[in-house]
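> Let me give you the structure first, and then I'll get to my questions.
The values are calculated or read from the model by the stated rules, or taken from the named source; none is laboratory data. None of these values were measured; they are calculated from a predicted model. Cβ placement follows ideal geometry from the backbone for every residue including glycine, while neighbour counts extend to all protein chains displayed. Surface areas here come from the heavy atoms of the whole protein model, side chains and all, with no ligands, DNA or RNA. Shrake-Rupley method; radii C 1.70, N 1.55, O 1.52, S 1.80 Å.
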Amino acid sequence: MIVILKADDLGDTTANWNRFISIVETKRISAGIGVIAQKITSQSAISEIKRITKIKQANQFPVIEFWNHGLDHIKRRGLS
């Protein structure tokens with residue numbers, strides 16, 4: 001069975017994000033995580049993101065794939 005989870009709006013880590021990452025790490029479930037750049041403000045969040053990028057599947061591919069979910073997540077007028 002193949003399972004890939006998608007999550008978005010990662011900024012500074014919270015208890016819920018830590019629980020999500022723990023499950024993904026423990027079960028070695030692949031996940032894609034959308035990062036909002038301006039919401040990552042703490043050194044601990046940066047350190048945690050660096051740590052989880054090193055988690056590998058049995059085939060040595062990363063368990064987590066980060067993707068750009070935007071700079072600030074603010075809806076702009078006039079843009080679709």
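> Compute the distance in nm between two label points, each set 7 Å from the Cα along the Cα-to-Cβ direction, one at residue 60 and one at residue 39.
3.4
> Another question, then. If one takes the longest principal axis of the Cα atoms in the chain, at what angle in degrees, from 0 to 90 and to the nearest 10, does the Cα axis of helix 43-52 lie?
40
> Below 8 Å, C-alpha to C-alpha, sequence gap of six or more: please give me the relative contact order for region 2-80 in percent.
Worked out over region 2-80, it gives 35 percent.
> Computed on alpha carbon atoms, what radius of gyration and Dmax characterise the chain, expressed in Å?
For the chain, the Cα-based Rg and Dmax read 13.7, 46 Å.
> For residue 8, what residues show an amide H to amide H distance below 5 Å, using hydrogens built from the backbone and excluding near sequence neighbours?
Those lying under 5 Å, H to H, from residue 8 are 34.
> Just the accessible area per residue of the chain, please: how many Å² with a 1.4 Å probe?
Spelled out: the 1.4 Å probe surface of the chain, per residue, equals 73 Å².
> To test your reading of the geometry: what angle, between 0 and 90 degrees and rounded to tens, separates the Cα axis of helix 15-27 from the longest principal axis of the chain?
Helix 15-27 sits at roughly 30 degrees to that axis.
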